[in-house]
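Undergrad: Sharing a structure here in structure tokens format.
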Amino acid sequence: MNKTELIMAVAEKTEMSKKDADQAVNAVLDTIIETVAKEEKVQIVGFGTFEVRSRSERQGRDPRTNEPMTIPASKVPAFKVGKAFKSAVSGK
């Protein structure tokens, strides 16, 4: 399912117009992105948690030259699946 299909599914389930569903989906996604960018968690009970995780500096190798190199520390977005979501997918 892509974003357009998600918007259509939301419109059908909520009986909203596609335009209103598009605005609602975009508002939710934008809010999650903005909040996580501020390094705050977004926790949706039963669904999951969006958060920022820190990766420490580490050693790696340049695949072209096989030279050792330092990969700098970074912050990456992460998603941890909620219990109800995990149960629905696993069928338990």
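Undergrad: Spelling out what I want: for every residue of region 57-65, take phi, set θ = phi - 60°, compute 6.51 cos²θ - 1.76 cosθ + 1.60 (Karplus), and round to whole Hz; glycine and proline get x.
TA: Each residue of region 57-65 in turn: 5, 8, 8, x, 10, 6, x, 6, 10 Hz.
Undergrad: Summarise the accessible area of the chain (1.4 Å probe, protein heavy atoms) by the percent that is carbon and sulfur. Each step should come with its number before you reach the end.
TA: On the way: 4110 of 7540 Å².
Answer for the chain is 55 percent, counting heavy atoms of protein chains only.
Undergrad: So which DSSP H runs in the chain come out at 20 Å plus along the axis (Cα) with average Kyte-Doolittle of at least -1.0?
TA: Working: long enough: 18-37 (28 Å, 0.12).
The qualifying helices are 18-37.
Undergrad: Report, in debye and to the nearest 20, how large the dipole of the chain comes out about its Cα centre when Lys and Arg carry +1 and Asp and Glu carry -1 on their Cβ.
TA: Details: 16 positive and 13 negative charges, 99 e Å.
I would put it at about 480 debye.
Undergrad: Report the residue, chosen from 52, 36, 81, that carries the largest GNM mean-square fluctuation when the chain is represented by alpha-carbon nodes joined by springs under 10 Å.
TA: Highest fluctuation of the listed residues: 81.
Undergrad: Another question, then. Where does the chain land on the Kirkwood hydrodynamic radius, alpha-carbon pairs, in angstrom? List each step's numbers first, then the result.
TA: Values: mean 1/r = 0.0614 Å⁻¹.
One over the average 1/r among Cα pairs gives 16.3 Å for the chain.
Undergrad: Moving to a separate point now. At 1.4 Å probe radius, can you tell me the per residue accessible area of region 1-71 in Å²? Can you show the working numbers first?
TA: Numbers: 5790 Å² over 71 residues.
Roughly 82 Å² per residue, with all protein chains present.
The values are calculated or read from the model by the stated rules, or taken from the named source; none is laboratory data. Every value quoted in this text rests on a predicted model; they were computed, and no experiment measured them. Quick reminder, even Gly has a Cβ in these numbers, built from the backbone with ideal geometry, and neighbours come from all protein chains shown. These area figures cover heavy atoms from the full protein model, side chains too; ligands, DNA and RNA do not enter into them. Shrake-Rupley method; radii C 1.70, N 1.55, O 1.52, S 1.80 Å.
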